[in-house]
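Report on one structure; see the data block that follows.
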Amino acid sequence: MPSETRLAFAHPSERAEATATDAAPLDRISLRDHTVEVEIGAFQAERGVTQRICFNVVVEVQPLTGPIDDDVDRILSYDRVTEAIAAELAVERLALLETLAERVAERILLEPQAMRVFVRIEKLDRGPGALGVEIVRAREQGDVTPDADLPTETPQPELVYLGNDAIGSPHLGGWLDQLLALGRPLILCVGASDTPAPQVAHKMAQRRIDLLAIEQNAWVLAARDPRCVVVDTRTELDWAMKNGQTCVWAPSKIVLDSVDTPSAQPRDSVALAAWFAATFDAQEMLVIGAERPESASVPLRVVLASDATL
């Protein structure tokens, strides 16, 4: 086997050694055959089931200056590598190994000592062999500490549920004025319209239909006021909140990709919105023009659609 081909299938530690430079040699730590069972994948057959994925990671680190003194606090611990993997798996359900590898590498490179990282991830249950990806990422030239690369803190949003009477109310513009005057990012949630959604016997298909019915109503709300922008990912929500955008939540992606699957069903849209509010550690959710559900993940403050003042 040619050396290039052999190296392509070798453990990342061999690739790290083969691509090392003579200048400023780096130390390496490695994680081999770390296997976890998660739900991941872009195909419908991969939803609702877990599969084994295997991680092999090598991190090149700056050698320590001075004695280690057998002090674990002075080194980049193996636990930091496994914690990076666990943390990214806990954020959301992902479709692509490539996305997971990028995020794990990015998190590891936030460690002060980490200079370059090799991440190989393989699916073990999708065929007779292992199917996977491998990436190599390095800290940008001139980066001294990771602190400058950390995202700025996302401000605490105001979560508001609008019932159908509220969406069609002449008070809508005034409510938005009052809410925006609070000075916090605004996220609006809605339920399905009063027009019944199609009904099917397949439970998972019905769940998707009901989520899409909510999203249709989100676009109805967005058409009612130009300040409202429909968003469907947490990344876009975080960007919008930092940039003063009024968001209308389209729930399908976040709900279906959630690691912590909500118990509330799409038809219980106020309870589902309360679950979403809880992901922001919201202290309260305002409900306008809708009934209070039997239970909710956060405290609710309910006002009538006829009330001009919130």
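Worth pointing out:
- Unique match (being touching a Pro at 6+ places or on another chain (Cβ under 8 Å) and among the acidic types (Asp, Glu)) among Glu284, Glu291: Glu284
- Of all residues in region 218-245 being part of a helix (DSSP H, G or I) and in contact with a helix residue (DSSP H, G or I) (Cβ under 9 Å, 6 or more places away or on another chain), the one that is nearest to Glu46 (Cα to Cα): Arg234
- When Val248, Val270 are screened for being part of a strand (DSSP E or B), surrounded by 16 or more Cβ atoms within 10 Å (Cβ to Cβ), at pLDDT 95 or above and not small (Gly, Ala, Ser), only Val248 passes.
- When Ala197 is tested against (1) touching a residue at least 40 places away in the same chain (Cβ under 8 Å); (2) surrounded by 14 or more Cβ atoms within 10 Å (Cβ to Cβ), exactly one condition is not met: (1).
- Any hit, region 72-81, residues being closer than 15 Å to His34 by Cα and modelled with pLDDT of 90 or more: yes
- Among the candidates Leu162, Leu180, Leu211, Leu176, the residue that is within 26 Å of Gln283 (Cα to Cα) and without any contact (Cβ under 8 Å) to a residue 60 or more places away in the chain is uniquely Leu211.
- Answer residue from region 167-194, given it is of a type outside the set (Val, Ile, Thr), outside any loop (DSSP other than H, G, I, E, B) and under 27 Å from the mean Cα position of the chain (by Cα) and is surrounded by the fewest Cβ atoms within 10 Å (Cβ to Cβ) among those: Leu180
- Residue check for Trp275: among the hydrophobic types (A, V, I, L, M, F, W, C), assigned by TED's automatic domain parsing to the domain that holds Pro170 and either buried (at least 21 other Cβ atoms within 10 Å of the Cβ) or at pLDDT 90 or above (or both): yes
- Subset tally (residues that are part of a helix (DSSP H, G or I) and either touching a helix residue (DSSP H, G or I) at 6+ places or on another chain (Cβ under 6 Å) or touching a residue at least 40 places away in the same chain (Cβ under 8 Å) (or both)) for region 253-267: 3
The values are calculated or read from the model by the stated rules, or taken from the named source; none is laboratory data. Just so it is clear, the model here is predicted, and its values are computed rather than measured. All Cβ positions, even for glycine, are placed from backbone atoms using ideal geometry, and neighbour counts span all protein chains on display.
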